[in-house]
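Just so it is clear, none of the values below were taken in a lab; they were calculated from the coordinates. Note that the structure is a prediction, hence the values are computed from the model and not measured. Quick reminder, even Gly has a Cβ in these numbers, built from the backbone with ideal geometry, and neighbours come from all protein chains shown.
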Amino acid sequence: MSTVPRFWRHISQRYNLVGTHCSKCDEYYYPPRTICPNCRRTAQMEDHKFKGKGTVITYTTIYNATDDFKRQTPYNLAIIELDEGPRLTGQVICSPNEIEIGMKVKPVFRILGKEGDRGIIYYGTKFVPVEGSVQPITL
Amino acid sequence: MPAGIVSYGVYIPKYRIRAEEIARVWGESEDIAQKLNVFEKSVPDTDEDAVTIAVEAARNAVKRGFVDPARIDAIYAGSESHPYAVKPTGTIVGEAIGANHEFTTADLEFACKAGTAAVQACLGLVTANLIDLGLAIGTDTSQGAPGDALEYTAAAGAAAYLIGRENLAAEIEEFYSFTTDTPDFWRREGMPYPEHGGRFTGEPGYFKHVTSAAQGLMKKMGTKPEDYDYAVFHQPNGKFPVRVAGQLGFSKDQIEPGLVVPWIGNTYSGSSLIGLAATLDVARPGERIFLVSFGSGAGSDAFSIRVEEGIEEIRDRAPRVRDYVENVQYLDYAVYAKHKGKLRL
């Protein structure tokens, strides 16, 4: 149960992709930084909620997972570049045959993991391909 | 001041299993789909549960209504498959939709009608001017034991409704509830699958409560079936809502837009509210909708709803029910069993 506070501290990052933005140099950070490495003590940091849309930069497909993820195999782990710039590692939910470098993805809310049958359930953001997913008619 | 629906959103997982595939595994006759009028049902992904699909539906409601989530003062989530026995679904939904922390929340459970009970709770607070906006959710990843009759219909889906006083998409004119102690379906604490009374779920359960609530509401308001353009009745299968509509004097044309159970199955707490959403997807301002939910145990909530001008402005900002119904990927029984956790690893 020791991971509960560690997960709790990151809830806003994982649920809503909340990072930071330095309004002085216009750099975006995910996960959030408290100091801008470009501007250092002159940085003007603010929270930023990323839209979550991005591009697959590279990926791998997991066929042999740890016990907690066995039920999900095979699954894709990708480095995704968000439209605002930062790169993060996330799961892309689609067939291993479907994922490709350059694929456009958007965020969805899913279970990230569970601490066995008795522990807490970790929720957060995964990604699905934009093409073929249900979209609003407008926007 | 009138109160009602400011916005709405739904979510239905994209996976489906056909009733004939379930029948094949258990040696049932293939015409079971015709008998139930349920041809396929939605199946959650391995990483989806009643919380994740509630969040997706709630995000669609917020997006459709262009609503600032900070305005939401109450979140009530109705489900019979809350992932936690103790730890409210509403807390996770509130955080995930970006509500500030100044809201009240509680989880509700009443078999398939906890979602409409959540609507009533929000409507009470809104009408009493105690809150600005309430978020009512019906969400379920329902369970049917392998080979049980429920397995052909127990599906996954969620609907979320923002209830308020301003910029209404639809006014809730009146509601009426009818409740008795009728043990037609239940699940004991700690048990993975529900039990039910077979045919007892029909006449003393579904039909008695739906007709009593429907007739009670029409008597209270002095309305008749022909005063409504559309009707939505809880959809445990495709037969019951059609039959009860006929008994009450509603036509097939009135229930057709909201009858989604043949293609997604019974989404339990989401069922009648997804049917209402499918109806709001096509209804025009000035039209009236008659809605009756049913929850085993047993009770029904009946609503009289009038569509307002606001519907035209918000309707296309989020996916419609039909968009989800048409976006499907079929599973065979083995992969379905993996998705539903029926396999012990």
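Structure data summary
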{"item": "Set of aspartates and glutamates near B:Lys113 by C-alpha distance (under 12 Å), chain-local residues within fewer than 8 positions excluded", "result": "B:Glu80, B:Asp140, B:Asp301"}
{"item": "Electrostatic dipole magnitude of chain A [Cβ: Lys, Arg +1; Asp, Glu -1; Cα centre; debye, to 20]", "result": "400 debye"}
{"item": "nm² value of the averaged projected area, convex hull over the Cα atoms of the protein assembly as shown", "result": "23.3 nm²"}
{"item": "For B:44-51, mean number of other protein chain Cβ atoms within 10 Å", "result": "6"}
{"item": "Positive-end extreme of charge dipole, segment A:52-129 - chosen from A:Gly52, A:Gly119, A:Asn97 (charges on Cβ)", "result": "A:Gly119"}
{"item": "Largest to smallest principal axis extent of the C-alpha atoms in segment B:172-311, angstrom", "result": "47, 31, 24"}
{"item": "GluC sites (Glu not before Pro) restricted to segment B:169-251 and DSSP loop, no more than 14 other C-beta within 10 Å", "result": "B:Glu189"}
{"item": "Cα-centre dipole for segment B:172-311 with unit charges at Cβ (Lys and Arg positive, Asp and Glu negative), debye to 20", "result": "400 debye"}
{"item": "Residue-averaged beta-carbon neighbours from other chains (10 angstrom radius) around A:99-109", "result": "2"}
{"item": "Over 19 Å between alpha carbons, listed pairs A:Lys70/A:Lys114; A:Lys53/B:Lys340; A:Lys114/B:Lys338", "result": "A:Lys53/B:Lys340"}
{"item": "Segment B:239-345 shape via C-alpha gyration tensor axes, a/c threshold 1.5", "result": "oblate"}
{"item": "In order through segment B:154-169: 3J(HN,Hα) via Karplus (6.51 cos²θ - 1.76 cosθ + 1.60), integer Hz, x for Gly, Pro", "result": "5, 10, 10, x, 9, 9, 10, 10, 8, 10, x, 10, 10, 6, 6, 8"}
{"item": "DSSP-assigned coil residues among trypsin sites (Lys or Arg not before Pro) in segment A:1-60, each with at most 10 further Cβ atoms within 10 Å", "result": "A:Arg41"}
{"item": "Shielding of B:88-96 by partner chains, average beta-carbon count, 10 Å", "result": "2"}
{"item": "Whole-angstrom gap from segment B:176-218 to segment A:63-103, using each part's C-alpha centre", "result": "43 Å"}
{"item": "Most mobile of B:Glu48, B:Glu326, B:Glu40 in a GNM of chain B (Cα contacts under 10 Å)", "result": "B:Glu326"}
{"item": "Chain B: relative contact order in percent, alpha carbon pairs under 8 Å with at least 6 residues between", "result": "26 percent"}
{"item": "Cysteines in chain A lacking a second Cys C-beta under 4.7 Å", "result": "A:Cys25, A:Cys94"}
{"item": "Under 18 Å from the Cα of A:Lys106 - aspartates and glutamates, other chains or at least 8 residues apart", "result": "A:Glu81, A:Asp83, A:Glu84, A:Glu98, A:Glu131, B:Asp45, B:Asp47, B:Glu48, B:Glu56, B:Asp323"}
{"item": "Point-charge dipole on Cβ atoms (K/R +1, D/E -1) for chain B, about Cα centre, debye to 20", "result": "480 debye"}
{"item": "Relative contact order, percent, chain A [alpha-carbon distance under 8 Å, six or more residues apart]", "result": "20 percent"}
{"item": "Rh (Kirkwood; distinct C-alpha pairs) - chain A, Å", "result": "16.4 Å"}
{"item": "Where chymotrypsin sites (Phe, Trp or Tyr not before Pro) fall in DSSP loop in segment B:34-137, at most 14 other Cβ within 10 Å", "result": "B:Phe66"}
{"item": "Global geometry of segment A:52-129, whether rounded, prolate or oblate, following the gyration tensor of its Cα atoms and the 1.5 cut on a/c", "result": "oblate"}
